[in-house]
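Take a look at the structure below.
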Amino acid sequence: MASYNLRFNKDDSVVRHVIVGLLADLNSKLSFWRQLTANERTIVDVPFYYAVAGDENFLRDNFLFSTMNGENCDPDPTVADGNYDKVPRGVVNLTSIAVDPSKLVNKRNLGHYNMLTPSGEFKGFVAEFEMIPVTIGVDIEIVLSSQLDMFKVTEAIIKKMYKANFYHVDAGHLDEGTYRISSEYSMPDDYTQERPIEYGFDDKSNHKVTFSLDINSFIPSFDFEEDIYTKFTRKDYANGAIYGNYGDPNGYLPCLSAGAVYYDEDGTVWECNGDGLWVKTQESYIPIASDLVEPYVENISLIKTSRRKAEDNRMTTLGNSTLTKPVDTEYEKPLLGDSYNVIGRDLPFKE
């Protein structure tokens, strides 16, 4: 299987994608210089991680007896056992999620998304959606080893990231739809700096720069019900009878010969009238052996039962007006001037 169509349980969490996008954006921007010797200077990147928290047993099970080459209670004897915390590092911790009702817009908007169809094609679609604005609050703690590094990191934040920052994330699941979401956050004006004054035997003596961020993003609510693929099963019996789960077979099951009978699993009986239409004749009927004479041939098909059009379907028709015959009705007059002609019946709204 190719990497682009792998499916994971984490894919349909929009909040997770927004947080991962924040970590990636912070990782790519924050760094500072460090003078090693009189002639050597290097740049120090500040990596950012999401907070991992839990009780003592959780931490012991997940970190104390796990190393790169050893698992469970059998660590690699060549590597020291325990958890390694990189310094400097930044830790992001989610604190709140709130809907901002003042930014709500009309839900009857058309949004674009991509979906992997049952046939294996990755196609674009459009659907009505509501873009729900949310504010995601996070606390950020940057752990450093000295007071000088605290000054440098604070200056780097102000110089490189003040004030507005933008990033985009691709969220959604392949089976429902993937879409791009824009997110924005502003760096605060105040930064709390913590430096240890008193030390104990169990202190790590870490210096910290802490601040909070509010991420302005969106959680889209698509009307995916209009893009549903239904699995239909039919059995063609030796006497010409058909048994399946189409419900109303019109539009799904061809009506080729008059008198052909279709028995649906919900108990309805349909008969072909010879003009291409199935007519319901009975309800709550259970077919007997003489109705369905074996052997039979079973067919399974996936049919799109939605009304949504694909993204590449045009809503308007454009053409050179000099190539079309003159029209007299107001309904068919050009809408874009003399150079173009737009046929009104193709518009999705009433003129």
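The values are calculated or read from the model by the stated rules, or taken from the named source; none is laboratory data. Predicted model only: the values in this text are computed from it and were never measured. All Cβ positions, glycine included, derive from the backbone under ideal geometry; neighbour counts span all protein chains shown.
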- So how many residues does the range 16-39 have that are among the aliphatic types (A, V, I, L, M) and touching a Lys or Arg at 6+ places or on another chain (Cβ under 8 Å)? 1
- Residues Gly90, Gly120: which one is surrounded by 15 or more Cβ atoms within 10 Å (Cβ to Cβ) and either of a type outside the set (D, E, K, R) or part of a strand (DSSP E or B) (or both)? Gly90
- Query: Quick one: in the range 175-216, which of the residues that are closer than 15 Å to Val14 by Cβ and among the hydrophobic types (A, V, I, L, M, F, W, C) is modelled with the highest pLDDT?
  - Reply: Ile215
- What tally of residues in the range 142-151 results from selecting those that are within 14 Å of Thr210 (Cα to Cα) and surrounded by 13 or more Cβ atoms within 10 Å (Cβ to Cβ)? 6
- By residue number, the members of the range 255-277 that are farther than 18 Å from Phe232 by Cβ and in a strand (DSSP E or B) are Glu271
- Item | Check on Phe222, surrounded by 17 or more Cβ atoms within 10 Å (Cβ to Cβ) and modelled with pLDDT under 80 | yes
- Members of the range 179-192 found to be polar (S, T, N, Q) and either crowded, with 17+ Cβ neighbours inside 10 Å or in contact with a Leu (Cβ under 6 Å, 6 or more places away or on another chain) (or both), listed by number: Ser183
- Query: From the residues in the range 141-178 that are out of contact with any His (no Cβ under 9 Å at 6 or more places or on another chain) and assigned to a loop (DSSP other than H, G, I, E, B), which one is nearest to Ser31 (Cα to Cα)?
  - Reply: Tyr162
- For Ile142, state whether it is aliphatic (A, V, I, L, M), more than 18 Å from Asn216 (Cβ to Cβ) and touching a Gly at 6+ places or on another chain (Cβ under 7 Å). yes
